[in-house]
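Undergrad: Got a structure here, written out as structure tokens. Questions coming.
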Amino acid sequence: MAQNPAGRVSRRPLRPVTRTIPLAEPNLRGNEAAYLLECIEENYVSSVGPFVGRFETAFAETVGSKFAVACASGTAALHVALLVAGAGPDAPVAVSTFTFIASVNAVRYTGAPALLIDSEPVTWNLDGEQLLAEMDRRADAGLPLPRVVEVVHVLGHPADIEPLQEASRRYGVVLVEDAAESLGAQYTSGELAGRQVGTVGAIGCFSFNGNKLITTGGGGMIVTDDEVMADRARHLSTQARLPGLGYSHDQVGFNYRMTNLAAAVGLAQLERLKELLEAKCRIAGSYRKAFSELGLEMSPSVDWARSSDWLFSILMDDGPAAAEALSRSGVGARPLWTPAHLQPPYSHEERVGGAVAESLHRRGLSLPSGTALTDAELETVIGEVRALAG
Ligand SMILES: *Cc1c(COP(=O)(O)O)cnc(C)c1O
């Protein structure tokens, strides 16, 4: 291993030159290593450690919420958030069918039946108008109404939240946001102007998995302005242990807290949020320019919200085949998700529509969008897509 003059092992380049251009990879060139070292030197590695609180405080401030609760994963955050929102076996939870499976798994963990909702074609997110119509229909027919709606902001793009707010007013449904992929995305017009995704519903969740905008290796965050919800989330994520020295528990809790090691990395990542978002924006801008010349359909862009451009995606005739072909050429592309209603564990759940989600799955693929992507790599990806599309 190379040694620098100070005698420390130097960091190797972010990736060997011959590797496949990755879809999204961690970018750990800030204070991550220094903060981790601090944890080890001070012997604070578990969830009792100063970085957990510091990360929570900084995160809440960054997204503009009052409280934040750090969790072991985005999925754990969603599970707890849904429980706190009132999800349980006695009422359905409405959730997007076009999403990463964790959104729907979290519903199942609570025991609630999922009501799978199609996407609308503009933002690819949960179709609030279809959900609202379904709720009106159920109310008229005396059928059980969802108690919770889990809206996913997919691929970095904010969902149209207005019909869901209307569902909330009309039927008291509680809004949980799965903002796992969309840290930094914002609404830009009307009453919600300046509000970040994850802070619009009653409770919101983020993920810090390795491929997300910021990473802690594995981790998640719950945010809310409701102190009771925040306290309940913290309680459930720490085995529902009551204060004091003893081992008394008033509910079935979970071991879902984030460790100090993970939070140390998270805090360092958060310090670089602006830089990482700018990198995503630059990459998306280059793709958008190149592909509009080719006439390709691509990641949504609307005038009422700003995407975080987490994973730039395009639609072609056959998305999965295109992703395969690109992968063979060293471009780490990935098909868009198979909708939940086509996955065996959820094929029997009730659903509203599904054609838009199926079309996105059939046609869509995501392109390399890592924040360390070089201009040369971008040109390679664009060239390969051009060759496929031509
Ligand atoms: C990544 C992701 C999750 C789960 O987060 P983990 O930290 O991997 O558990 C949930 N929902 C969506 C939409 C995601 O992309």
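The values are calculated or read from the model by the stated rules, or taken from the named source; none is laboratory data. Since we're looking at a predicted model, the values are computed, not measured. Every residue, glycine as well, gets a Cβ built from its backbone with ideal geometry; the counts of neighbours run over all protein chains shown. To get the accessible areas, we keep the full protein, side chains included, count just its heavy atoms, and leave off ligands, DNA and RNA. Shrake-Rupley method; radii C 1.70, N 1.55, O 1.52, S 1.80 Å.
Undergrad: Quick one: which strands (runs of 3 or more DSSP E) sit completely within the stretch 66-162 and have at least 1 residues that are open to solvent by 10 Å² or more (accessible area, probe 1.4 Å)?
TA: Where strands (runs of 3 or more DSSP E) fall fully within the stretch 66-162 and carry at least 1 residues being open to solvent by 10 Å² or more (accessible area, probe 1.4 Å), they are 67-71.
Undergrad: Give me the residue from the stretch 201-222 that is over 13 Å from the mean Cα position of the chain (by Cα), surrounded by 22 or more Cβ atoms within 10 Å (Cβ to Cβ) and more than 10 Å from the ligand (Cβ to nearest atom) and, out of that set, nearest to T238 (Cα to Cα).
TA: Per the stated criteria, the residue is I203.
Undergrad: G111 is checked against (1) within 16 Å of the ligand (Cβ to nearest atom); (2) under 30 Å from L360 (Cα atoms) and fails just one. What number does that condition carry?
TA: Result: G111 passes all but (1).
Undergrad: From the list A76, A33, A60, which residue is of a type in the set (A, V, I, L, M), modelled with pLDDT of 95 or more and within 16 Å of the ligand (Cβ to nearest atom)?
TA: A76
Undergrad: Taking the options D178, D136, D127, name whichever one is touching an Asp or Glu at 6+ places or on another chain (Cβ under 9 Å) and more than 14 Å from the ligand (Cβ to nearest atom).
TA: D127
Undergrad: Being among the small types (G, A, S) and surrounded by fewer than 19 Cβ atoms within 10 Å (Cβ to Cβ) is the filter here, so list the residues in the stretch 360-384 that pass it.
TA: A372, A376, G383
Conditions (1) assigned to a helix (DSSP H, G or I); (2) open to solvent by 10 Å² or more (accessible area, probe 1.4 Å); (3) of a type outside the set (S, T, N, Q), marked per residue:
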site	(1), (2), (3)
V265	yes, yes, yes
A268	yes, no, yes
E275	yes, yes, yes
S301	no, yes, no
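Undergrad: Are there any pairs, at least 6 apart or on different chains, whose C-beta atoms fall under 7 Å, with the first in the stretch 262-285 and of a type outside the set (A, V, I, L, M, F, W, C) and the second assigned to a helix (DSSP H, G or I), and if so, which?
TA: Pairs that qualify, where the first residue is of a type outside the set (A, V, I, L, M, F, W, C) and the partner is assigned to a helix (DSSP H, G or I), are G266/F55; Q269/E32.
Undergrad: Output the residue which, of all residues in the stretch 243-261 that are within 23 Å of L82 (Cβ to Cβ) and without any contact (Cβ under 8 Å) to a residue 60 or more places away in the chain, is least open to solvent (accessible area, probe 1.4 Å).
TA: Ranking the candidates gives G253 first.
Undergrad: Residues to consider are E350, E324, E293; find the one that is farther than 16 Å from V154 by Cβ and at pLDDT below 95.
TA: E293
Undergrad: Additional query: If you take the residues in the stretch 47-57 that are assigned to a loop (DSSP other than H, G, I, E, B) and surrounded by 13 or more Cβ atoms within 10 Å (Cβ to Cβ), which one is modelled with the highest pLDDT?
TA: Only one residue tops the list, namely G49.
Undergrad: Can you name the residue in the stretch 181-200 that is hydroxyl-bearing (S, T, Y) and either open to solvent by 10 Å² or more (accessible area, probe 1.4 Å) or within 11 Å of the ligand (Cβ to nearest atom) (or both) and, of all such residues, is farthest from the chain's Cα centre (by Cα)?
TA: S189
Undergrad: To continue, here is another question. Yes or no: D160 closer than 21 Å to W337 by Cβ, at pLDDT 95 or above and away from the ligand (no atom under 16 Å from the Cβ)?
TA: Considered against the rule, which asks whether it is closer than 21 Å to W337 by Cβ, at pLDDT 95 or above and away from the ligand (no atom under 16 Å from the Cβ), D160 comes out as yes.
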